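Beneath this line is the structure, given in structure tokens, with notes to follow.
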């Protein structure tokens, strides 16, 4: 009663109420969460699904984990695959069944049924199967048993009434051993299983499903029924990869994650300053949207580098470029990621979006994050995932991812590619409300140029700048430049450069003007002086002329006088002077 | 109640080196359950009337030797396996459907 009086808060209460039913953990990521602890211990669980949906693998992993992690030996009764096939198929999933068999922890019994070989000649029962099961369980001291797929019996024996009775008895028989069992069944058309096995297995029924849409397969798991326990009722996506099963548990998400006021650098000092608090908050989710070629990946890489330099790990999911391409391209703007890849701090997971369905991507991301334990997760770009699902699904799935990151205290950096011409603020796949810091990079087209502008659309809990800043990508990295405002608004690119140029050269130009004026004055002075010189020369020439004329005149006069005096001397008179001068 | 006959290793070795046409039969029973005893009785009768001694029979009680049930891939009990002559044939049930048993043993022509 004390417990009831306590405040009921979601899963905590669920976990308390399930204590009564003992559970056997499957050790499968996510499955233990949605079953709130595992499969019912000492009972049988039916796993049904169509061909190839992973029933067998689930069974194998249940046994392998039981042996490796919980010290519970197991028995695998294979009706469809031979022992060798099973060992080989499981080796692809990193399970060495052969070794476990040799160690005496696992027994594999292949029950071969060939309808052509069997003739029914009277009354019988399935005691042979029971004995073998008992023999196998006792040979390894099994606590876990998988029967895969028991319905194969129906193809070998015609007496279905007898088979049903025997299968019912088999389940009771399993219970008597106290083993936790998984029975697999093929999906029927109108029922969970083709032969209605769900009627016999009343404790727990799990449905696996894989559907193909647009040539992409999505695997889902759903708990149809779990007697005596509450459980997640949704369909949960899951994947099977080289390390086995992984389910994305949706129920474990809640808005009660820890909030940090610690800040991590964006890797771009100018941007740190622009955000007001010196970077992004640890554990927050950052979205950078923008048109193509605007430098979203560059900001992502800057963050990755600075985080790695700080000694923390970064997981980079790339949906556009390969690892080598990213490294090369980022080196061109002065961000060298290779040392961090080498040191293991940075891990780039490059995948094509259409490789998996959307859920598969998220499950695999979930798994990678759980394995790598990064401080920062980059998804570049999340918009490419849209090609793997509808917008609503993308939104729902990203919500899960973001919640997961927040719960783990991981900083998320997502980029979104927005269509040219579309409204940047709306094309964010509906996750904007989940985003803590949202920045836009956009092209600013002025006077025939396309330049890069950045602004902070919102940033929760930060006194961030409201300016649109132009930024440059150069071999020295990302640089935010000063804002220039012209008469028609913000100036960018060469218009800004021109203005900068003007301002920087203003004094120089002034000095130039003075120089020119001085030179002009000098020229004019020179011209003037030249004119003066010319005039003087002319004057001097004239003066010379005048002088000569005058001297000639005076000479003539003298000569005339001389002549007169000479004639006078000769005539010894002065009266005939004019006559003589005329003759000359 | 028919007694469960178990053949000696020597007899088994002899049986495996059976001559051409000689029947090599193995009956897997689940103890002394009514179905198993009925099966053994029916089989003995068929062997005596139709095989005229040209056979080796081994009776395996899967309760006593559970490993052999696994080894011979036994699901139902009782199960009769005709090892020789080839092809191998399995008959499940108490062998009361005599025509079917004879068909399985490929001696339909010899009966009656």
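The values are calculated or read from the model by the stated rules, or taken from the named source; none is laboratory data. Just so it is clear, the model here is predicted, and its values are computed rather than measured. So basically every Cβ, Gly included, is an ideal-geometry build from the backbone, and we count neighbours across all protein chains shown.
For the reader, a short list of remarks on this structure follows.
Conditions tested, residue by residue: (1) part of a strand (DSSP E or B); (2) modelled with pLDDT of 80 or more; (3) farther than 24 Å from residue A:317 by Cβ.
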residue	(1), (2), (3)
A:419	no, no, no
A:429	no, no, no
A:462	no, yes, yes
A:470	yes, yes, yes
A:473	yes, yes, no
A:479	yes, yes, yes
A:498	no, no, yes
A:518	no, yes, yes
A:523	no, yes, yes
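- Residue match in region B:32-53 (condition: in a strand (DSSP E or B) and modelled with pLDDT of 85 or more): no
- Here residue A:173 passes the criteria (1) surrounded by fewer than 20 Cβ atoms within 10 Å (Cβ to Cβ); (2) away from chain B (no Cβ under 14 Å); (3) touching a helix residue (DSSP H, G or I) at 6+ places or on another chain (Cβ under 9 Å); (4) under 19 Å from residue A:41 (Cβ atoms) except the one numbered (2).
- Failed criterion for residue A:152 (all others in (1) assigned to a helix (DSSP H, G or I); (2) in contact with a helix residue (DSSP H, G or I) (Cβ under 8 Å, 6 or more places away or on another chain); (3) more than 8 Å from every other protein chain (Cβ to nearest Cβ) hold): (2)
- Considering B:75, B:7, the condition of being in contact with a strand residue (DSSP E or B) (Cβ under 9 Å, 6 or more places away or on another chain), in a loop (DSSP other than H, G, I, E, B) and modelled with pLDDT of 85 or more is satisfied by B:75 alone.
- Matching option when the condition is assigned to a strand (DSSP E or B) and within 21 Å of residue B:68 (Cβ to Cβ), among A:108, A:131, A:113, A:137: A:108
- For region A:98-107, the condition holds for no residue, the condition being that it is in contact with a helix residue (DSSP H, G or I) (Cβ under 8 Å, 6 or more places away or on another chain), closer than 22 Å to residue B:92 by Cα and buried (at least 20 other Cβ atoms within 10 Å of the Cβ).
- Single unsatisfied condition, residue A:167 versus (1) surrounded by 21 or more Cβ atoms within 10 Å (Cβ to Cβ); (2) at the interface with chain B (Cβ under 8 Å from one of its Cβ atoms); (3) modelled with pLDDT of 85 or more: (2)
- Flag if residue B:68 is more than 18 Å from residue A:115 (Cα to Cα), within 8 Å of chain A (Cβ to nearest Cβ), in contact with a strand residue (DSSP E or B) (Cβ under 9 Å, 6 or more places away or on another chain) and modelled with pLDDT of 85 or more: no
- Of the residues making up region B:83-94, not a single one is more than 8 Å from chain A (Cβ to nearest Cβ), under 15 Å from residue A:121 (Cα atoms), touching a helix residue (DSSP H, G or I) at 6+ places or on another chain (Cβ under 9 Å) and not in a helix (DSSP H, G or I).
- Among the candidates B:34, B:78, residue that is closer than 21 Å to residue A:132 by Cα, within 12 Å of chain A (Cβ to nearest Cβ) and surrounded by fewer than 21 Cβ atoms within 10 Å (Cβ to Cβ): B:34
- Flag if residue A:131 is buried (at least 22 other Cβ atoms within 10 Å of the Cβ), within 11 Å of chain B (Cβ to nearest Cβ) and within 56 Å of the chain's Cα centre (by Cα): yes
- Residue among A:142, A:119 that alone is away from chain B (no Cβ under 12 Å) and either at pLDDT below 85 or in a loop (DSSP other than H, G, I, E, B) (or both): A:142
- Filtered residue count, region A:32-42, keeping only those that are in a loop (DSSP other than H, G, I, E, B) and touching a strand residue (DSSP E or B) at 6+ places or on another chain (Cβ under 7 Å): 5
- Qualifying positions in region A:321-374 - farther than 21 Å from residue A:268 by Cβ and not in a helix (DSSP H, G or I): A:322, A:344, A:347, A:349, A:350, A:351, A:352, A:356, A:357, A:373
- Looking at A:156, A:98, A:122, A:74, just one residue is within 46 Å of the chain's Cα centre (by Cα), under 24 Å from residue B:68 (Cα atoms) and free of Cβ contacts under 8 Å to residues at least 60 places away in the same chain, and that residue is A:98.
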